[in-house]
Structures are given as structure tokens and as C-alpha cells.
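K.L.:
Below you'll find the structure I mean.
We did not get these values from a lab; they are worked out from the coordinates using the rules stated. Quantities reported herein were computed from a predicted structural model and do not represent experimental measurements. As a convention, Cβ positions derive from the backbone with ideal geometry for all residues, glycine included, and neighbour counts pool all protein chains shown.
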Amino acid sequence: MRCILLLLDGLGDRSHSILGGKTPLQAAHTPNLNQITALGMTGLFHPHLQGTALPSELAHFLMFGYRMEEFPGRGAVEALGEGLDIRPGDVALLARIFSVAQEPEGLVLRHENPALERQDCRLLQEAVRSFTRHGIEGEFLPTQGIGGILRLRGEVSNFVSDSNPITEGRPLLEVLPLRAQTDDLRTQYTAQFLNDYLRWCYRTLSQHPLNGQRRQQGLPAINAVGTQRAGMLGALPSFTDKWGLKGLMIAAGALYQGIGQVVGMATRRVKDTDDPSGDLRQRLEMAYQATDYDFIHVHTKVADEAGHSGDPLRKQRAIEAIDSALGYAIDSMVANDDILFIVTADHSTAASGTMIHTGETVPLVMTGKYIRRDAVETFDEISCAAGGLSLVRGQELMYLILNFLDRGKLWGLMDSADDQPFTPGTSTPLRLD
């Protein structure tokens, strides 16, 4: 028996007056999700604590049963997913070029996501590519558009604060050692290096000929670099060692490829097109055919992107497009006794307010031959609260998966040197001399 987990990124939301006080999921026409729900066991899910707003990479990491303090950081995860040369001991930060204005309170962010032609991006990024100071080597490695990874090598630490204020109208931030690492010399030198680099970037980009041309055209100068979410790769038990399941990640973005690699899953990178229903159908087919794996994670970001648009009606339509692909799942997976099929999300992405993600729970449904079927027949953030799974948080999801795969170990048994939660464990047979 194997598990296929369909992750509808950013599915959860808030109620909206334009939808008659409903969430986009409640307002959407979702006959397939509702049919799956009527055949399954439902509940609500949060990867951490209710009310905490999590980024996708951390939500996934916790969903896969790892601890918050083990997380290597977004910068390292994304660098890995982009295929960049990131080694143990390197620090990787998300970085982007953008527009600031020098004002009394500092370098104030004016355009955090400026439109810029690819060749212009590369010209400016190349101008701030390499910087060395305090025995630390920094290199800006472009990825998508204005974004990139700032990689640091040397005696460096990832326990530093962000410089990107995110919100336009706020000044670029001084990088500081995190409170618990204030006295650590590596952390002090890393923060000092980053602040020196950011000042150098501002001076270098402000004087760049391309920005001279932009000023003449009445366009804002792209004259600063902002950094955030420093990370460093560390040693982790693989997903297989931790849960006894051979894992596969099917997803489009580099971030999710990176998360899969961090936890030791195989990854298959797919593409997003302008046909979200067709994209999801293709991924579900790939998952169904991946019979060499015990746990297949299928990811789509359509609902999340619609939530970030701030348009509840657009998110409602995105959810309906997702639903239209799920007839295949009903026929091939829900009806198959050898498959535990799960639908849930990693977090809520509200199409209102100012938060990037929000901290509400998301709906969860599980179908399979060992589940208890409850009375819930509608898949949404409110209806699923009445389900038999109640509230599931963090690592509980993986324990439930082992349980409904009929592979959970009776606690106290030790069939291996490690106290593994699955059975059969990684054991060593007794041999006669």
C-alpha cells in the first residue's frame, strides 16, 4: 500500500463579503473534492500552531515530520533547488535588486518588484556579483528575474537578520546578529560583511550607466540589493530513514525541488502552463504510475498564486479548475484499496489583508481502506472541522499516514537500534556462526 498526498498550496482563506461571507473554497463549485470528502475521513490541519503564518518551505518541512530547529533556511533550500553550487558551511540568502530612495531615515524601498528586462537584470546583477571582505567571499548568483541567491563562503554564520524590508515605504534594514548569537564572532563578521556589501551595492548600482539612462527616461533607478532568510545546509535523517517510506516529490518550482532534496526524496520537476487543470491531471497520472515509491507528494501552487492576487473571485475560479482535474483521482486512486489518498494544503493564503500568508487551519481529507468514514460531505475550512480527524498538527500527519498504511509500530517495540515509528524496522537478522 502507498500514499499519494495532493498538496493544494495556499488553499485556505478568509471569508469575503464579495462571496457572501464565504471563503473562495466554500464559494467554489467542487463536486469532485466533495465526492472525495464523502468517501473519506476529514479534519483540519496546521503544520505548526494555529495562528502562525508559515512560508511554504517551512510548512512542507514540518508536514514531513521534521522539527522547526532542523530547518536549514529558505536561502539554502532554494539554492539547492536551483541547482547552484551550495556546499556545507556556505550561507545562502535570498537576494534581489530593487529601487530605493535616499531619505533622512535611510534608503527607503520604493519599488520592491520592479519590471526589468532580462538583459538589464543581468547587467545590474553582474555589477554586484562579487565582493570580498573580512575573509568572506560573497557572490550574487542570479535565478529568476530580479532575484537571486547571495552565497557567502568563509568563516560565516546564517544567524543574521534580513535587510529587505519587504514593504515599500520602509527603509532598507541593517543586518544584525540574531539575539542568541550576538557574542558569536562568525555571526558578527557575517553581519558586518553583509552591511558593507549592501552599502557597496548601493554606490555601485547608483553609478551604473544603465541607471543613468533610466533616470533620463524618468524611470526609477534599480540601485540596491535586499537580502532575507539566510540558510545553511546541515545533516538530516532522510525521509526514508525517518518514516520507512520511499518518497517522491512532483512539483514545478525550484523551492519544492529543494525541499525534496533536503529531506532525501526523489524529485520530478514539472512545468506550470496556462492550463492548471491539465497540469494537475498530468501530475496525478505521474503519481499513480510511480509504483516504485511508497509516498508521492503532488504539488500545485495555483490556489496560492490566486490568493496573492488579492482577488477572491480569481481564487474561486482557480479552485474550480483544480477540482475539474480530480475526476481522475476518484477513478484511479480513491477507488483503489492499495492507495491512501490525501488532499490538504500547507497554509492559508488570504485574498485580503496585508499578510503574505495567514495562520488559519486548512481542510484535510484522507481516503483508503483503513480509514474511518465520517459524515462530512463538503470539503472546506468549516465543514471539515466536524470530521473524524479533528485538528491535526505538524508531525501528527506522518504518524497518521503510517497508521492508515497499516505500517505504524507499536510503541515500545525495538526491532532496530533506532526507535523508528514504522514497521518492519531496519533490522539485522541473527546469523549462526
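K.L.:
List the GluC sites (Glu not before Pro) in the stretch 98-190 that DSSP assigns to loop (not H, G, I, E or B) and whose Cβ has at most 11 other Cβ atoms within 10 Å. Which are they?
P.N.:
The qualifying sites are Glu105, Glu117.
K.L.:
Filter the trypsin sites (Lys or Arg not before Pro) in the stretch 270-363 down to the DSSP loop ones having no more than 10 other Cβ atoms within 10 Å, then list what survives.
P.N.:
Passing both the DSSP loop test and the Cβ count: Lys271.
K.L.:
Taking springs between alpha-carbon atoms closer than 10 angstrom, which of Val91, Val302, Val108 fluctuates most in the Gaussian network model of the chain?
P.N.:
Val108
K.L.:
Calculate the spin-label point distance for Arg170 paired with Ala53, positioning each point 7 Å from the Cα along the beta-carbon direction, and give it in nanometres.
P.N.:
Spacing of the two 7 Å Cα→Cβ label points: 1.0 nm.
K.L.:
Before anything else, pin down the relative contact order of the chain: Cα pairs under 8 Å, at least 6 apart, normalised by residue count, whole percent.
P.N.:
Details: 962 pairs, mean separation 134.1, N = 433.
So the answer I get is 31 percent.
K.L.:
Shifting gears a bit: Could you list Thr361, Thr291, Thr267 so that the one with the fewest beta carbons within 10 Å of its beta carbon is first and the one with the most is last? Walk me through the intermediate numbers first.
P.N.:
On the way: Thr361 23, Thr291 10, Thr267 17.
Ordered by Cβ neighbours within 10 Å, fewest first: Thr291, Thr267, Thr361.
K.L.:
Modelled label-to-label distance, Tyr399 and Arg372, 7 Å Cα→beta-carbon offset: nm?
P.N.:
About 1.6 nm, to one decimal.
K.L.:
Then there's this: So, with +1 on the Cβ of K and R and -1 on the Cβ of D and E, and no other charges, what is the size of the charge dipole of the chain about its Cα centre, to the nearest 20 debye?
P.N.:
Numbers: 40 positive and 52 negative charges, 129 e Å.
With Lys and Arg at +1 and Asp and Glu at -1, about 620 debye.
K.L.:
Let me ask you something else. If we count every other residue with Cβ under 12 angstrom of Asp272's Cβ, Lys/Arg +1 and Asp/Glu -1, where does the sum land?
P.N.:
Net charge around Asp272: -2.
K.L.:
Same structure again: Rounded to the nearest 0.05, what FRET efficiency do Gln192 and Asp415 have when you use their Cβ-Cβ distance and R0 = 30 Å?
P.N.:
Calculated value: 0.05.
K.L.:
Which order results if Trp243, Trp411, Trp200 are arranged by neighbouring Cβ count within 10 Å, fewest first?
P.N.:
Final ranking by Cβ density, sparse to dense: Trp411, Trp200, Trp243.
K.L.:
With a Förster radius of 51 Å, plug the Cβ-Cβ distance of Leu210 and Ala385 into 1/(1 + (r/R0)^6) and report the FRET value to the nearest 0.05.
P.N.:
On the way: r = 54 Å, r/R0 = 1.06.
Computed FRET efficiency for Leu210 and Ala385: 0.40.
K.L.:
Let me ask something else about it. Step through the residues of the stretch 188-205 one at a time and calculate ³J(HN,Hα) from phi using the Karplus curve (6.51 cos²θ - 1.76 cosθ + 1.60, θ = phi - 60°), rounding each to whole Hz and writing x for Gly and Pro.
P.N.:
Going residue by residue, I get 4, 5, 5, 5, 5, 4, 5, 5, 5, 4, 5, 5, 4, 4, 4, 5, 5, 6 Hz, with x marking Gly and Pro.
K.L.:
What is the sum of charges, Lys and Arg at +1 and Asp and Glu at -1, for the other residues whose Cβ falls under 11 Å from the Cβ of Val160?
P.N.:
-1
K.L.:
Find the relative contact order for the stretch 80-231 and round it to a whole percent, using C-alpha pairs within less than 8 Å whose residues are 6+ positions apart.
P.N.:
Result for the stretch 80-231 is 31 percent.
K.L.:
Moving to a separate point now. Arranged by the count of other C-beta atoms within 10 angstrom, fewest first, what order do Leu397, Leu150, Leu430 take?
P.N.:
Exposure proxy ranking, most exposed first: Leu430, Leu397, Leu150.
K.L.:
Right, something else. What 222 nm value per residue comes from the helices of the chain, counting each DSSP H run with n ≥ 4 as -39,500 (n - 2.57) and dividing by all residues, nearest 500 deg cm²/dmol?
P.N.:
That calculation yields -8500 deg cm²/dmol at 222 nm.
K.L.:
What is the set of long-range amide H partners of Asn223 at a cut-off below 5 Å, with H atoms built 1.01 Å from backbone N?
P.N.:
Phe98, Ser99, Val100
K.L.:
While we're looking at this one, here's another question. Mean-square fluctuation check for the chain, GNM, Cα pairs under 10 Å: which of Thr190, Thr42, Thr182 is largest?
P.N.:
Highest fluctuation among the options: Thr182.
K.L.:
Here's another thing I want to ask about it. Kindly write out, for the stretch 384-390 in residue order, the coupling ³J(HN,Hα) from the Karplus curve 6.51 cos²θ - 1.76 cosθ + 1.60 (θ = phi - 60°), rounded to whole Hz, with x marking Gly and Pro.
P.N.:
5, 5, 8, x, x, 7, 6
K.L.:
I'd like the Karplus ³J(HN,Hα) series for the stretch 157-165: coefficients 6.51, -1.76, 1.60, θ = phi - 60°, whole numbers in Hz, and an x wherever there's a Gly or Pro.
P.N.:
Whole-Hz 3J(HN,Hα) from phi for the stretch 157-165: 9, 9, 8, 10, 7, 7, 10, 6, x.
K.L.:
Now a separate question. Multiplying the sequence separation of Trp200 and Asp85 by 0.36 nm and subtracting their Cα-Cα distance, what value in nm do you get? Intermediate results must be reported in sequence, preceding the final value.
P.N.:
Values: separation 115, 0.36 × 115 = 41.40 nm, distance 2.42 nm.
Between Trp200 and Asp85, full extension yields 39.0 nm more.
K.L.:
Under a 5 Å amide H to amide H cut-off, with H placed in plane at 1.01 Å, what residues pair with His48 once short-range neighbours are removed?
P.N.:
Distant-sequence amide H within range of His48: Gly394.
K.L.:
Set the bar at 28 Å for Cα to Cα. Now go through Lys22/Lys246; Lys246/Lys301; Lys246/Lys409; Lys246/Lys271 and name every pair that lies beyond it.
P.N.:
Exceeds cut-off: Lys22/Lys246.
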